[in-house]
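Down below is the structure, laid out as structure tokens.
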Amino acid sequence: MKITFRELQQEDFPEIKKIYDWYIAHSTATFHTEPVTITELKEFIYTGHPLYIAALIYADDEIAGYLYMTPYKKRQAYNRTAEVTLYLKPEMSGKGIGRKAMNYLEERAVVNGLKNLLGIITGDNTASISLFEKCGYTRCACFKNVGEKFGKILDVVAYQKEL
């Protein structure tokens, strides 16, 4: 399977929304509980930003998911750090795509001068935790009982990789 990446364009947001809406409805990977609008997606997924990238992930010629980097916090002192996010279509999980996507994010982060990448993950999202650990991220924080979804009280864990 050939994995490629294409910078996210404005016209890609409906496809991104479909993928994200699945996670909203069926998982605790996001703490959104209701579908979001494309306008809301654009508030945290940037296109054409000089520092923080967003891209579609292709497996062969099919869209497999998307990834993006955002500021950890919107203050200048944090400009060396980005939060990374990756969503795959459910049927694309477990095929090695996530690891290649993380490598792509890291390569782009280095080119853009970033020094730290963070993954902020729901505590019960064992697949994402496993991916981050396999990619050399270290658990650096745990926020206990900070979210509730599907009647379940959830932790959030943070993973960090210094580049």
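Values in this text are rule-based calculations from the coordinates and carry no lab data. As the structure is a computational prediction, the values presented were derived from the model and not from experiment. Quick reminder, even Gly has a Cβ in these numbers, built from the backbone with ideal geometry, and neighbours come from all protein chains shown.
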Spelling out what I want: for every residue of region 94-106, take phi, set θ = phi - 60°, compute 6.51 cos²θ - 1.76 cosθ + 1.60 (Karplus), and round to whole Hz; glycine and proline get x. x, 10, x, 5, x, 5, 5, 5, 5, 4, 4, 4, 5
The Rg/Rh figure for region 48-163, Cα atoms and Kirkwood Rh, to two decimals is 0.97
For a quick check: sort Thr4, Thr81 by the number of other beta carbons within 10 angstrom, fewest at the front. Thr4, Thr81
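Kindly give the semi-axes, whole Å and largest first, of the ellipsoid equivalent to region 79-132, taking each as the square root of 5 times a Cα gyration tensor eigenvalue.
Details: eigenvalues 92, 38, 11 Å².
Output for region 79-132: semi-axes of 21, 14, 8 Å.
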Which stretch or stretches of region 7-32 have amide N atoms under 13 Å from the point lying 7 Å from Leu41's Cα along the Cα→Cβ direction? 8-24
Please report Ser128, Ser93, Ser27 as a ranked list, fewest other C-beta atoms within 10 angstrom at the top and most at the bottom. Ser93, Ser27, Ser128
Summed over the other residues with a beta carbon less than 13 angstrom from that of Leu114, with K and R at +1 and D and E at -1, the charge totals 0
With the crude spin-label approximation of a point 7 Å out along Cα→Cβ, what separation in nm comes out for Asn116 versus Lys73? 1.0
Taking 0.36 nm per residue of separation and subtracting the Cα-Cα distance, what length does fully extending Val146 through Glu34 add? 38.5 nm
With Cα springs under 10 Å, the Gaussian network model of the chain assigns the largest mean-square fluctuation among Gly96, Gly119, Gly151 to Gly151
Above 15 Å lies some portion of the pair distances; for region 52-98, what is it as a whole percent of all C-alpha pairs? 49
Quick one: length gained pulling Gln160 to His49 fully straight, 0.36 nm per residue minus the C-alpha distance? 37.7 nm
